Each structure stands twice: as C-alpha cells, then as structure tokens.
Amino acid sequence: MTTVDYPATGLAVAGVPAPTGLPVPAAGHRCLVMGILNVTPDSFSDGGRYLCADAALRHGVRMAEQGADIVDVGGESTRPGAFRVPAEEELTRVLPVVRELAGAGIPVSIDTMRSSVAEAAVDAGAVVVNDVSGGRADPAMARRVAELGTPYVAMHWRAHSAGMDAHARYGEVVKDVVAELRARLDELTAAGIRTNRIIVDPGLGFAKTAEQTWQLLRRLDALKALGHPVLVGASRKSFLARLALPDPLPGGVARDDATAAISAIAAARGAFAVRVHDVATSATAVRVAAALQNPATGESR
Ligand code: PMM
C-alpha cells in the first residue's frame, strides 16, 4: 500500500489540492472506487443481505478482489424515510466487519454520522470517515475527526432521512449546494480538520428530487471548484428511474449498468471517487476514463 498523492484522473483535477493520508493500493492517477457494504436490515438496495458479519466480510473481500480501492462500511440506513438506529446497535453491526476487513489489509471507510462510531471504527482500523451529514448530525464529529486525523468525506445534507424529502427546496440547486458545502468546509476547518483531508460530496438523492440530482451530476465542475476532491454516490439511487430502464427492480442489473456509466463520466470529469454497490463494472468504467484521458497512467490489470 502506498499513500496516493492525488489519486484521480490527470487532466481534469489539475489545481485541486491533494487529499493527504488516504492509504489505498497504488492506483495510478485515476478515480477511486469505493465499494458499499451496508451492514443493515433496511438499506435501499442491499438491506438485509450483509447483516450477518460473515456474509458482510465475504462481500467486502469480494469487492476488494473486484477492484474496490476502499470498502465503505455502514451500519445505519440512510434511505429516504429511514429512522435512526441506536449507537450501540450501529457499533455492534460495523465494528467486527471493520476490524476483520482492516485486518485483512483492505482500506476501510466508516459510513457514520456519529463521532463515537467514527472513533471506534478508526480504532478498529478504518482509515476514512464518511459522514453523510457533513458534521451536522453530531456537533462533536468535526473535532473528533480533527483529532483522529483521517480523511473525511463531507456530504451535502439538510436533514435526517425520515424527513429529508420535505427539504428538497432550492433557489438554484447547484448554487445552493455549493454554498452550503462551502459553509460546511469553513466550519470543519475551523474545528481543526486539515483542509487537504476533506473530500466533498453533493449528496445525490439526499433532500433532492430526481431532477435536482441530475442537475448536480451535470455540474460536477461547480463542485470541483470548491477546491476539494469530489466523491459521487449515484449507485442504484431512485433518480435513475428517469432512465426508464427495462429492469424494474431497485438494485437490479440495469441500475448497476447505469451506475457504471455514471462512474465513467464522473471519472472523466475529474471525480476523486465513486461509491458503488457493483464494484466490477465501475472498476472497469474508471479505468476506461483514465486510459482515455491519460494513457501513461491508465492501469493494466
Ligand atoms: N449514499 C448513501 C449512503 N452513504 N455516503 C456518501 N459519501 N455519499 C452518498 O451518496 C451516500 C453515502 C445511501 O446509499 P445506500 O443506501 O445505497 O448506501
């Protein structure tokens, strides 16, 4: 494992500072693939599949074999309408999985809104904190992450999932999301998180309608202009229904194909990472983008 200076596609990311401290397998200059491991009974597309630690572990290892640069372990569903789980339950779900995957040498991020869970997971070997609330759900999160010293994914977020759809009101969604993320960045850095450790995320589908989500995807350049690496989480989300795909099942094959297409486009436009359920297709997609843009650093694998 090496620490990647700026692990994203060459051309499009010029001028964006490097996120430091993110240990990933030497990846060359391409968009990273974050594989999703929801250890929950109720996540949108994979809820219940990996609730047992053994099944979760096997799936995490499989995603790493398929080309995930990092495995994102979450113990609390954030699908629209989801209610929160107690911290103890979240810890019980994620900690054994984080510990085992990290012990197997797989870079792990912890998908949590709780500073206590973030700290315990980092203690168990997680190397990135992924917070869908960008520090808003837990006032202690920013300071805790600053102390932990890990990279931190700050997603655009307005409210907990149970009521977030009521918050999908914007003047201009791209401008508003960028402005709200900028305000978060100010608070996070004021709390002590080093600026070059923060990755931003537009929060696709979180307090956003399908149309607003498509608008944000069209304008990754506006998000990149914040000067931070951008993570894109489009995988299997309901805005893909717009495509009228032939496979009606959420989490069905067609949504994975659509996700891979978005991964290729996001990578070509300079996304730092894509967060996906189906790793194999997006691992291919980001390599296609890298090879097209920068033949010298396109990987062969
Ligand atoms: N989406 C979900 C959960 N965690 N984290 C980040 N950084 N970005 C996202 O878009 C995101 C996330 C919800 O999706 P899932 O239930 O399919 O995991």
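Filtered by the rule that a residue be in a helix (DSSP H, G or I), in contact (Cβ under 8 Å) with a residue 40 or more places away in the chain and open to solvent by less than 70 Å² (accessible area, probe 1.4 Å), the range 81-125 gives R93, V94, P96, V97, L101, V117, A121. Among the candidates G125, G149, the residue that is touching a Leu at 6+ places or on another chain (Cβ under 9 Å) and not aliphatic (A, V, I, L, M) is uniquely G125. Among the residues making up the range 258-277, those that are closer than 15 Å to M34 by Cα, among the small types (G, A, S) and touching a helix residue (DSSP H, G or I) at 6+ places or on another chain (Cβ under 8 Å) are A260, S263, A264, A266, A267, A271. Residues of the range 134-164 that are touching a residue at least 60 places away in the same chain (Cβ under 8 Å), in a loop (DSSP other than H, G, I, E, B) and over 21 Å from G81 (Cβ atoms): G149, T150, P151.
Scanning the range 192-225 for residues that are open to solvent by 30 Å² or more (accessible area, probe 1.4 Å) and not polar (S, T, N, Q) yields G192, R194, R197, A210, E211, W214, R218, R219, D221, K224, A225. In this entry, A154 passes the filter for residues that are within 23 Å of V274 (Cα to Cα) and either among the charged types (D, E, K, R) or touching a strand residue (DSSP E or B) at 6+ places or on another chain (Cβ under 6 Å) (or both). Does at least one position in the range 68-89 carry a residue that is modelled with pLDDT under 95, within 13 Å of the ligand (Cβ to nearest atom) and on the phi > 0 side of the Ramachandran plot? Yes - at least one qualifying residue is present in the range 68-89.
The values are calculated or read from the model by the stated rules, or taken from the named source; none is laboratory data. These numbers were taken from a predicted model, which means no experiment stands behind them. When we count neighbours, we look across all protein chains shown, and the Cβ atoms used for this are built from the backbone with ideal geometry, even at glycine. Just so you know, the surface numbers come from the protein's heavy atoms only, side chains and all, with ligands and any DNA or RNA stripped out. Shrake-Rupley method; radii C 1.70, N 1.55, O 1.52, S 1.80 Å.
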